[in-house]
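Written out below as C-alpha cells is the structure these notes cover.
The values are calculated or read from the model by the stated rules, or taken from the named source; none is laboratory data. Since the model is a prediction, treat every value here as computed from it, not as a measurement. Positions of Cβ are generated from backbone atoms using ideal geometry, with glycine treated the same way; all protein chains shown enter the neighbour counts. Accessible surface areas use protein heavy atoms only, side chains included; no ligands, DNA or RNA. Shrake-Rupley method; radii C 1.70, N 1.55, O 1.52, S 1.80 Å.
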Amino acid sequence: MRLKNKSNAKTAETRKKRLLSMLEQQGLSIYENLDKGKFPQFVIPSRSVSNIVYDKKIRQYILGSASAVRSSRNMSQLRSYTQLAWLAFFVNRLVREGKSSTLRDIYYSSQAFSIDFEDQPESDNIIVDLEAVLTSPREEFHIFPEERSSVFGDLTIEYTVPGYEGKRMNLSDHPDGYLIGPSLSSAELVDTSAELVIAIEKGGLFTRFVEEKVHQKFKAIIVDTAGQAPRSTRNLLRRLNNEMGLPVVILADGDVYGEHIAMVIKSGSANAAHLRELTVPDAKWLGVWATDIEKYKLPTIPMTESDIKRIYDLQKDPRYQEGNWKKQLEVFLKLKRKAELEAFSKYGLTNITDKYLPAKLEESKSF
Amino acid sequence: MSKEVFSQISPSEFFYRNRDLAGFSNPTRSLYTSVREFVENALDACDHRKILPDIHLSIKAVDPEQADPKHYILTVKDNGPGIDPEHIPLAFGTVLYGSKFGLKQARGMFGLGATMAILYGQITTNKPVTVKSCSDGKSLDEFVMLLDIQKNKPVIQKHTTKEASKTGLTVSIVLEGDYSKAGSKIRDYVYQTSLITPYASITFEDPAGEKFHYARIVKDMPRPPTVIKPHPHGIDVETIRRMITDTHYQIPAIDNKMIDKVKKELGLKKNLSPKEILERAQKRWSDISKPVRTVISVMSFLNIDFEGLQKIRIDDIDVANKTITYWDFGESQSHAVELSPDSPYYKQIASTVQGDTLLTFLTKRFQRVGPTTAEKFCEFAKFKPDKRIGSMTNEELVKLADALQKFEEFLSPDPSCLAPLGEEPLSKGIMKFFNPEFAAVWQRNASAYSGFPFVVEMGIAYGGDIPPNGLKVYRFANRIPLLYDEGSDVVLKIVNETEWARYKIKGDPPLVIVSHICSTRIPYKTVGKENVADRPEIERELKNALQYLARKLAVHMSRQGAADMAKKRANLYSKYVPLIAQFATELAGKKKEPNYNQLIRMGSEIEEQV
Ligand SMILES: Nc1ncnc2c1ncn2[C@@H]1O[C@H](COP(=O)(O)OP(=O)(O)O)[C@@H](O)[C@H]1O
Ligand SMILES: [Mg+2]
C-alpha cells in the first residue's frame with residue numbers, strides 16, 4: 001500500500017483555506033476603497049498572446065509579468081468589474097457552503113443578482129479572469145465544465161463535500177469507472193496499491209482495459225481523458241503523481257491530436273497559462289507514435305487538410321522543438337497517414353493490452 | 001401647337017398624342033396625375049388670391065365590386081376664388097387656356113393639366129365633367145360639359161345657378177383608374193403636399209371611405225410671387241424673335257376699326273382736314289396710344305384725311321431709302337412718298353418700323369438691365385447701342401442671343417418671381433410632421449442657372465418620432481412633391497455623396513431631409529417631371545444647404561452625445577456601485593455596508609476615460 005505523503009502535498013482542506021483567505025482579502029480591499037470614496041480595482045495578469053511564455057524550468061506555459069487593471073473608475077469596465085466582484089462573492093458562497101456549480105450554472109446564477117451576462121462565453125471569460133486574479137483553477141471554485149471523464153482502479157478517497165464528509169470509497173468497486181466530478185475533485189486521496197496511472201484517450205478502450213484487468217496486470221489506475229483532458233482530470237492526474245507518487249503514462253490515437261493530448265497533460269495548454277496546478281511534467285507519452293504505425297503495421301487512414309495544418313502549427317510551439325516530440329511530428333508529416341488506438345484490433349481485441357502496452361511500457365523506461 | 005392642329009384631329013387623337021408627356025400613360029399613372037392636376041390647380045388658385053387653402057379630395061369607385069382597373073369618381077373641392085361663370089367653359093373645356101403663362105413660379109404651367117385629366121376621363125368613361133364654382137360669394141354655377149377638341153370648346157350639357165355663401169370651386173370627373181396600384185403613391189402625394197403646404201388644410205377620402213386629414217399648421221401665407229420680365233441669360237434666338245415681332249412694333253392695320261379708334265382718341269366727331277387733324281393730335285400727343293400715333297404720323301407724310309385713309313393700303317415703309325409706298329384703290333396705282341427725316345413724325349415711323357434701339361430694347365424688355373449695363377453689353381457684343389432691333393438680320397439676331405448668354409456682367413435674375421415657402425413655415429411643418437428631437441431649416445439666397453432664378457430651401461430632422469430606418473429624403477419642386485424616378489435626382493445625388501459619419505451620423509439613422517427647389521423653370525430630367533437634373537449651379541446650392549444643416553446636426557449630436565454620456569454614467573454608477581458594495585461586504589465578512597454614496601457621485605461626474 002502506498003500512502004499519501006501528507007507533509008509534501010497540499011491537501012484539499014488547506015487549498016480551500018488559502019482560497020477563502022484570498023477571497024476575503026479581495027473583499028476587504030474593495031470594502032475599504034468604497035468607504036474611502038476610492039474606485040476599487042482588480043489586477044489581472046494579462047492573458048494576451050504576447051504575455052504567454054513557455055517556462056522551460058517548470059516545463060509549462062506561464063503568464064509573463066504583464067498585467068491589466070480592471071478599474072471601476074473606467075465606465076466601460078464598470079460592468080465587467082462588477083461581474084468579477086460578483087463572481088468572487090459567488091465563489092465564496094460556493095466554497096463555504098461546499099456547493100458545486102457548472103459553467104452554465106454560473107451564467108444563470110448571475111441573473112438573480114442583476115448581473116447580466118450577455119451570453120455564456122462572457123461569463124466563462126470572467127471565470128478565467130478570477131482564476132488569473134487568484135491563480136487558482138476554477139475547479140477550486142467548485143465550478144466544473146459539463147464534460148466529464150472517468151477513473152477506475154484501486155484508489156481510496158475520502159469525500160469532503162457536505163453530507164459525505166469523512167466517507168471513504170474505493171474506485172475499483174464499479175466497473176464503468178467513476179466520474180471525475182466535483183466531489184471526486186475535492187476529495188482527499190487516501191491510499192492506493194497502484195504503481196502506475198494510465199491515461200487513455202478513449203472511453204471504448206478504457207472499458208476494454210477494465211475488462212482485460214489492466215489495473216491488476218499492470219497495477220494501474222486507469223483514467224479516461226475523453227479526448228483532450230478536462231482540467232479536473234488533469235488536476236487529478238497531477239495529484240496522483242504529486243501526492244501519491246505515481247508515474248503517469250498516456251495512450252492516445254496515432255495522430256497529431258493524440259500527440260498533443262499527451263503534451264497538454266504533461267505541460268499544460270496556452271489557454272491555461274495562468275494556472276500551475278494542472279500539469280504532470282514527468283508524464284510519459286507511450287503512443288501511438290508515428291513510428292509505431294510502421295513498426296506495428298497498423299492499418300491507417302489518410303490525414304485531412306486540417307490534420308496537416310495542425311502539424312505545421314505545433315511545429316512552431318517551443319515544446320516541439322526537440323527530441324521525440326519533434327521527431328514524431330516530422331514522421332506524421334512524412335506519412336500523411338494516421339492510426340487510431342482501435343487499429344490494434346486488426347490483430348485481435350487483446351492485442352493492445354497483451355502486446356503493445358507491455359512493449360511500450362518497457363520501452364518507456366529508456367526515455 | 002397651334003389651333004389649326006387641334007381643329008383637324010379628334011379629341012382622342014389629341015389626347016393620345018400628348019398622353020405620355022402629360023403623365024397619362026396607364027390607369028395607375030393617370031389616376032395619380034389627375035389627382036395632382038386638380039389639387040395643384042386648387043392650391044395655385046388659393047395662393048394667387050392669398051386664401052388659406054381648404055382642400056377636399058375624394059376618390060370613389062363607381063362600382064366597388066369590380067376589379068381594378070375600373071371607373072372612379074374623382075372630386076376635388078376648394079375654397080379658392082372660383083372662376084367667373086363665363087370663363088368656366090373656357091378654363092375647363094379648352095386646351096391651352098390658362099392664367100399662369102407669365103414668368104412666375106406656379107405649380108401648373110401650360111394650361112393643359114386640368115383639360116388633359118378631363119379629356120382622359122371623357123375618353124375612358126364617356127362621362128362629362130362637372131364644375132361647380134362660386135366666385136362672388138353669392139351664386140354657384142354648375143356646369144356639366146363634354147369637351148369638343150375639334151372646335152377646342154366644350155359642349156355644355158347643363159348649366160344651373162343657385163344661391164351660395166362661400167367662394168370656391170369643385171371639379172368632378174369619372175375616369176378609369178387603378179387605385180390598388182396608385183393608392184400608396186396618392187397617399188404619399190397628399191402627405192408630402194401637406195408637408196410643403198403647411199398653410200393648407202387637406203382632406204383625402206379614399207375609395208374605402210378612410211379619411212386622411214392634414215390640418216393647417218401655419219396661418220400665414222408665404223409671400224406670393226410676382227410676374228417679371230425675362231433675364232438676358234435665360235433666352236434664346238426664338239424668344240428674341242418673338243419679343244421683336246411683338247404687336248406694338250408693327251404698323252397697325254388701318255381698317256375701319258382702327259380709324260374709329262383714332263377718332264375716339266382724338267375726340268373727333270366730324271371729319272377734319274389733314275392739317276386740323278395734326279393740330280388736334282399735337283395737343284393730345286402724350287395721351288394717345290402708340291398705334292394711333294403711328295397712324296397719325298403716316299397721315300402726316302401722305303397728307304390725307306380719314307376719307308383718304310380709307311381708300312389706300314400701305315404697302316411698304318422703307319426707312320433706309322426714306323420712302324413710303326402705298327396703293328390707292330381709287331386710282332388703282334402705287335405711289336411713293338418721301339419720308340423726310342426733318343419731319344417731326346419721322347422718328348415715330350422709324351422707331352415703329354425698326355423697333356426700339358438696342359439700348360432701349362435691353363433696358364425695357366429685360367430685368368436687371370440698366371442703361372450702363374446695356375451700353376457695356378453693346379460694347380461687348382460689338383453692336384451700336386442705337387441699332388434698331390427691327391433692322392437686325394438673322395445672323396445678327398443669333399449673334400445677339402449668343403452675346404446675351406455670354407455677357408457676365410448682368411446682375412443675377414430677380415427672384416421676386418419665386419415663392420419659396422420660407423424658413424418658419426417649413427420648420428413648423430417639419431416639427432408637426434416628424435416631431436423630431438432636432439430640426440433645422442435653411443433658405444439659401446436666390447441664385448440662377450442659365451438666366452432662370454432659383455431658390456433652394458432645405459430642412460433636416462433627426463430622432464423623435466422618425467423611425468430609425470435610415471435616411472429619408474422628401475423632394476419638392478415649386479411646392480410639388482416629386483415621387484417617381486428617385487434614382488437619378490440631383491438632390492439624392494448630393495445626399496448620397498455626403499459623408500454622414502463626419503457629422504456623427506451612423507447606421508440607419510432616424511433622419512429626414514426635406515429639399516425644396518423653386519424656380520421659374522425647374523430643369524427636369526424627363527418629361528415626367530419627377531427628377532431634377534444636375535445643373536452645377538443648383539448642385540452647388542443644394543450642397544451648401546445640406547452641409548450647413550448637417551453641421552448643425554453634428555453640433556446637436558455631440559451635445560446630445562455628451563448629455564447622453566453623463567446620464568449613462570450616472571445610471572451605471574447608481575446601478576453597479578451598490579452591487580459592488582453588497583458583494584464586498586459579504587466577501588469581507590462585514591455586517592454593515594460601506595458608505596459608497598460619494599463614489600456614485602464621483603463616478604457620475606468624472607470625464608470619460610480614454
Ligand atoms: N380650382 C380652381 N380655381 C380657380 N381657377 C382655376 C381652378 N382650376 C383651374 N383654374 C383656372 O383654369 C386654368 C386652366 O387650368 P389648367 O388647365 O390646369 O392649366 P394650368 O394649371 O396649367 O394653368 C388655370 O390657369 C386657372 O386660371
Ligand atoms: Mg393646372
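Here are the numbers:
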{"item": "Gyration tensor (alpha-carbon) shape descriptor, the range B:7-214, a/c threshold 1.5", "result": "rounded"}
{"item": "Solvent-accessible area buried by B and A, counting both chains, probe 1.4 angstrom, square angstrom", "result": "2800 Å²"}
{"item": "The range A:77-155: chymotrypsin sites (Phe, Trp or Tyr not before Pro) in DSSP coil with no more than 16 other Cβ atoms inside 10 Å", "result": "none"}
{"item": "Net charge contributed by nearby residues that have their C-beta within less than 10 Å of B:Ile88 (K/R +1, D/E -1)", "result": "-3"}
{"item": "Computed E for A:Asn125/A:Ile301 - FRET, C-beta separation, R0 51 angstrom, nearest 0.05", "result": "0.90"}
{"item": "Using distinct alpha-carbon pairs, which all enter the 1/r mean, Kirkwood radius of the range B:415-557 in Å", "result": "15.2 Å"}
{"item": "Cα→Cβ-extended label distance, 7 Å offset, between A:Glu342 and B:Thr239, nm", "result": "9.1 nm"}
{"item": "Cβ-derived FRET efficiency at R0 41 Å, A:Ser21 paired with A:Lys219, nearest 0.05", "result": "0.55"}
{"item": "Proximal aspartates and glutamates relative to A:Lys316, as straight alpha-carbon distance under 16 Å, when same-chain residues fewer than 8 apart are discounted", "result": "A:Asp55, A:Glu259, A:Asp307, A:Glu330"}
{"item": "Distant-in-sequence amide H partners of A:Ile180 (H built 1.01 Å from N, under 5 Å)", "result": "A:Ser149, A:Ser150, A:Val151"}
{"item": "Rel. contact order, % - alpha carbon contacts under 8 angstrom, at least six apart, the range B:117-168", "result": "34 percent"}
{"item": "Cα-Cα over 21 Å, subset of A:Lys202/A:Lys266; A:Lys202/A:Lys355; A:Lys297/A:Lys336; A:Lys309/A:Lys346", "result": "A:Lys309/A:Lys346"}
{"item": "Gain in span if fully extended, B:Asn597 to B:Asp508, counting 0.36 nm per residue against the direct Cα distance", "result": "28.1 nm"}
{"item": "GNM top mover of A:Asp354, A:Asp105, A:Asp313 - chain A, alpha-carbon springs below 10 Å", "result": "A:Asp313"}
{"item": "Spatially proximal aspartates and glutamates relative to B:Lys127 (Cα-Cα < 14 Å; intrachain offsets below 8 disregarded)", "result": "B:Asp148, B:Glu176"}
{"item": "A:Arg96/B:Asn496 FRET efficiency (R0 51 Å; Cβ-Cβ; nearest 0.05)", "result": "0.20"}
{"item": "Sulfur and carbon atoms: percent of accessible area, chain B [1.4 Å]", "result": "49 percent"}
{"item": "Angle in degrees between helix B:371-381 and the longest Cα principal axis of chain B, rounded to the nearest 10", "result": "80 degrees"}
{"item": "Loop-located GluC sites (Glu not before Pro) in the range A:279-367 whose Cβ has at most 14 other Cβ within 10 Å (DSSP)", "result": "A:Glu322"}
{"item": "Per-residue [θ]222 nm for the protein assembly as shown (sum of -39500 (n - 2.57) over DSSP H runs n ≥ 4, rounded to 500)", "result": "-12500 deg cm²/dmol"}
{"item": "Percent accessible area from carbon and sulfur atoms, chain A, protein chains only, probe 1.4 Å", "result": "50 percent"}
{"item": "Accessible area in square angstrom per residue, the protein assembly as shown, 1.4 angstrom probe", "result": "46 Å²"}
{"item": "The range A:247-363, relative contact order in percent, only Cα pairs under 8 angstrom and at least six apart counted", "result": "31 percent"}
{"item": "Taking the range B:7-214 and dividing mean pair separation by its residue count, relative contact order in percent (alpha carbons under 8 Å, at least six apart)", "result": "27 percent"}
{"item": "Mean Kyte hydropathy of -1.0 or more with a Cα span along the axis of at least 20 Å, helices from DSSP in chain A", "result": "A:12-35, A:75-97, A:120-134"}
{"item": "Sequence-distant lysines (8 or more away, or on other chains) whose Cα lies within less than 25 Å of B:Lys552", "result": "B:Lys428, B:Lys432, B:Lys472, B:Lys493, B:Lys504, B:Lys506, B:Lys543, B:Lys567, B:Lys568"}
{"item": "Neighbour-limited loop hits for GluC sites (Glu not before Pro), the range A:158-192 (at most 14 other Cβ within 10 Å; DSSP other than H, G, I, E, B)", "result": "A:Glu165"}
{"item": "Length added when fully stretched, A:Ser114-A:Val49, from 0.36 nm per residue minus Cα-Cα", "result": "20.1 nm"}
{"item": "Alpha carbon centroid spacing (whole Å) that separates the range A:271-297 from the range B:533-592", "result": "54 Å"}
{"item": "B:Ser332 versus A:Asp313: modelled label distance in nm, points set 7 Å from Cα along the beta carbon direction", "result": "12.1 nm"}
